[in-house]
Amino acid sequence: MAEIESLKQENRVFNPPAEFVANAAISGMDAYRALCDEAERDYEGFWSRMARENLAWHKPFTQALDESEAPFYKWFADGELNVSYNCLDRNLENGNADKTAIIFEADGGEVTRLTYRELHAKVCQFANGLKSLGIKKGDRVVIYMPMSVEGVVAMQACARIGATHSVVFGGFSAKSLQERIIDAGAVAVITADEQVRGGKHLPLKAIVDEAIAMGGCEAVKNVVIYQRTGGNINRVEGRDLLMQDVTANQPQTCEPEWVSAEHPLFILYTSGSTGKPKGVQHSSGGYLLWAMLTMKWTFDIKPQDVFWCTADIGWVTGHTYITYGPLAVGATEIIFEGVPTFPNAGRFWDMIARHKATIFYTAPTAIRSLIKASDADANVHPSKYDLSSLRLLGSVGEPINPEAWMWYYRNIGREHCPVVDTFWQTETGGHMITPLPGATPMVPGSCTLPLPGITTAIVDETGNDLPNGQGGILVVKRPWPSMIRTIWNDPERFKKSYFPEELGGKTYLAGDGAVRGKDNGYFTITGRIDDVLNVSGHRMGTMEIESALVANPLVAEAAVVGKPDETTGESICAFVVLKQARPTGEDAKRIAKELRDWVGKEIGPIAKPKELRFGDNLPKTRSGKIMRRLLRVLAKGEEITQDVSTLENPAILDQLKQAQ
Ligand code: PRX
């Protein structure tokens, strides 16, 4: 441990292994720079070449980038294609028909394998089934499903018929689901009877029923149910149908719906700095292009690879690196249901060994929790497993601390697998800043350099470039193909959130702070600059949690801040003022539990505050503004050294110091 601790300070550089470099898609820094230069010389020409070489177009595009309505940028807009055709049919045509597309492992360990031919047939049958329900191009379909082959089939089937899907993570509550169904104006919901996590059955269909019963979901004509467990469900006559019945007798081919490259492939809700989640709208052509290119560049995908991304399809990582990217490049991929710690904390390593995974992509939170588990139980230590199939590791979703990076590199990659620390966001569609495994010298904790064609920079609040070594705001200077197109139903919020006037209205604001290395120009992400937390790699808006808390009849006021957490990166700490007197002792414990459960119901278990403190008031300025900055210090358990003279009620700080 002492040895690992000492690494925190050092800037050791790890060069990609020579053998990796020799065979890599982008081999060496000169090859990387050549691509960057090509993009800089002729930005549109670069992207046109990429789009022509990588995508199968039904109708070719004539213009790469249309900036006429900036910041509502359009890419390849007069071109037509179909995403599902690109992911499936293309593989049948180019000799991959009998190649394994998906190796699915369920929570209980059962394994299902599907070839591209089989997956294509399943997707076509379900697409025909959806069409038979009257679902057509442009309709929105909400998908609330467990990790399953069927979840991927549902997404691909929507893409095939031109319906825009909106996947809602299975951990979200009925209320969150209802809000998303309403905002998207969904005509159907695809779900499962139950999901299984760590041996436990958890309801999904019952939550859909609850969401629809809350009202406002009248546009939903059908609920389609995949029977995962065969658990009991309520069936509404005429509305609810089993997936197997919708599919039965449908032909195994389905002519794809050709859509404009700009056609919305999906909407994915994510947290922002106000209470209401944002429906991030993605395109078809530009999005798929970047999913493919990053599979080739960042993951160096090769025909013989077995690729495993451990994300859930409810998050963007699952969209780009499970449902679309790997299939579009004809890879074999592993998909898993469950949790990394069941049946024991060796599950990931055991699965890598059994399925001979070659590329493994997971989140720092998972790595940190598995470090702890393997420290506690030698039987699940990675050294007990045959991980020799691995050749590349990836990290995503939150900053990876150098200790975790080193552990991952040594214990999982056995010092011969490059680690790609991929920085990106729901809005960016795919990787933005990441090492290239066969080119970039790696520094633990840094996501290093932007991908070719990606113009990230660090600026001050008025948009001026900052020199290396000086921390500032992370921006992207030019539009790129897989960028967010708009916020569904809220174009004004799109402009304000991502292209603020202060930065000139054409520069993309990522919402993260970052700094570049003095000598190497490497980017290091320093964390969100808005009121967004990152808990276990999941984005949570503090305002969203505050709104949920104040919706409880007991609560007068609430302020939520993030607190650094060894395992989850950040944890949620809520400061609450009740309408009744400040509770203490057992009372405080009971009410804290009640409020935590309440947030679980309002948003989902992932949003439950880890810590809840009660006060008679919150620290406020004389104008009534809550000083969250001070609450962050208190949450960390640190002494306040800042000037508190502007506070209306400095005495309150003492009361809020104590964790209850
Ligand atoms: O703060 C950054 C962090 O996660 C945010 C995006 O979250 P989300 O849209 O949910 O997408 C997660 C999966 C791409 C970013 O604004 N983040 C993501 N990847 C990294 C990261 N922070 C540091 N390093 C990363 N590699």
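Annotations for the structure displayed:
- Residues satisfying the stated conditions in the range 473-489, i.e. basic (Lys, Arg) and surrounded by fewer than 22 Cβ atoms within 10 Å (Cβ to Cβ): Lys477, Arg478
- Being away from the ligand (no atom under 16 Å from the Cβ) and in contact with a helix residue (DSSP H, G or I) (Cβ under 8 Å, 6 or more places away or on another chain) is a property that Asn379 lacks.
Yes/no matrix, rows are residues, columns are (1) within 16 Å of the ligand (Cβ to nearest atom); (2) within 28 Å of Asp565 (Cα to Cα):
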site	(1), (2)
Ala311	yes, yes
Tyr321	yes, yes
Tyr324	yes, no
Thr332	no, no
Gly338	no, yes
Trp349	no, yes
His355	no, no
Thr358	no, no
Ile371	no, yes
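- Meets criteria (touching an Asp or Glu at 6+ places or on another chain (Cβ under 9 Å), more than 16 Å from the ligand (Cβ to nearest atom), closer than 23 Å to Leu451 by Cβ and assigned to a loop (DSSP other than H, G, I, E, B)) for Lys518: no
- Filter result (assigned to a loop (DSSP other than H, G, I, E, B) and within 21 Å of the chain's Cα centre (by Cα)) within the range 452-488: Ile454, Pro479, Trp480, Pro481, Ser482, Met483, Ile484, Arg485, Trp488
This table checks each residue for (1) surrounded by 18 or more Cβ atoms within 10 Å (Cβ to Cβ); (2) touching a strand residue (DSSP E or B) at 6+ places or on another chain (Cβ under 9 Å); (3) within 15 Å of Gly272 (Cα to Cα).
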| site | (1), (2), (3) |
| --- | --- |
| Val535 | yes, yes, yes |
| Leu549 | yes, yes, no |
| Ala558 | yes, yes, no |
| Asp565 | no, yes, no |
| Ile572 | yes, yes, no |
| Phe575 | yes, yes, no |
| Ala581 | no, no, no |
| Thr584 | no, yes, no |
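- From the options Leu242, Leu288, residue that is of a type in the set (A, V, I, L, M) and either touching a Pro at 6+ places or on another chain (Cβ under 8 Å) or touching a residue at least 24 places away in the same chain (Cβ under 8 Å) (or both): Leu288
- In the set (1) crowded, with 21+ Cβ neighbours inside 10 Å; (2) touching a residue at least 40 places away in the same chain (Cβ under 8 Å); (3) touching a strand residue (DSSP E or B) at 6+ places or on another chain (Cβ under 7 Å); (4) not hydrophobic (A, V, I, L, M, F, W, C), the condition left unmet by Lys205 is number (2).
- Residue pairs whose Cβ atoms lie under 8 Å apart, sitting 6 or more positions apart in sequence or on different chains, and linking a residue in the range 505-517 that is within 9 Å of Leu474 (Cα to Cα) to a partner that is within 9 Å of the ligand (Cβ to nearest atom) and among the small types (Gly, Ala, Ser), are Asp512/Gly527; Gly513/Gly527.
- Applying the criterion of being among the hydrophobic types (A, V, I, L, M, F, W, C) and in contact with a Gly (Cβ under 7 Å, 6 or more places away or on another chain) to the residues of the range 415-424, the residue that is nearest to the ligand (Cβ to nearest atom) is Trp424.
So that you can scan it fast, the table gives a plain yes or no per residue for (1) surrounded by 24 or more Cβ atoms within 10 Å (Cβ to Cβ); (2) without any contact (Cβ under 8 Å) to a residue 60 or more places away in the chain:
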site	(1), (2)
His416	no, no
Thr434	yes, no
Ala439	yes, no
Gly453	no, no
Val459	no, yes
Gly471	no, yes
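- Enumeration of residues in the range 184-202 that are under 22 Å from the mean Cα position of the chain (by Cα) and crowded, with 21+ Cβ neighbours inside 10 Å: Ala184, Ala186, Val189, Ile190, Thr191, Ala192, Gln195, Val196
- Of the helices (runs of 4 or more DSSP H) lying entirely inside the range 541-660, the ones with 1 or more residues being β-branched (Val, Ile, Thr) and within 33 Å of the chain's Cα centre (by Cα) are found at 542-550, 585-602, 628-636.
- Residues in the range 234-277 that are within 23 Å of Leu119 (Cβ to Cβ) and within 16 Å of the ligand (Cβ to nearest atom) were compared, and the one that is nearest to the chain's Cα centre (by Cα) is Leu268.
Yes/no per residue for (1) small (Gly, Ala, Ser); (2) more than 30 Å from Arg478 (Cβ to Cβ):
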position	(1), (2)
Val380	no, yes
Gly397	yes, no
Glu415	no, yes
Pro418	no, no
Asp421	no, no
Gly429	yes, no
Leu436	no, no
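- Test: Tyr144 is in contact with a Leu (Cβ under 9 Å, 6 or more places away or on another chain) and over 14 Å from Thr332 (Cα atoms): yes
- Extreme residue, surrounded by the most Cβ atoms within 10 Å (Cβ to Cβ), among residues of the range 392-414 that are assigned to a loop (DSSP other than H, G, I, E, B) and more than 7 Å from the ligand (Cβ to nearest atom): Gly413
Here, each number is a calculation from the coordinates, and none is a lab measurement. Since this is a predicted model, take the numbers as computed values, not measurements. Positions of Cβ are generated from backbone atoms using ideal geometry, with glycine treated the same way; all protein chains shown enter the neighbour counts.
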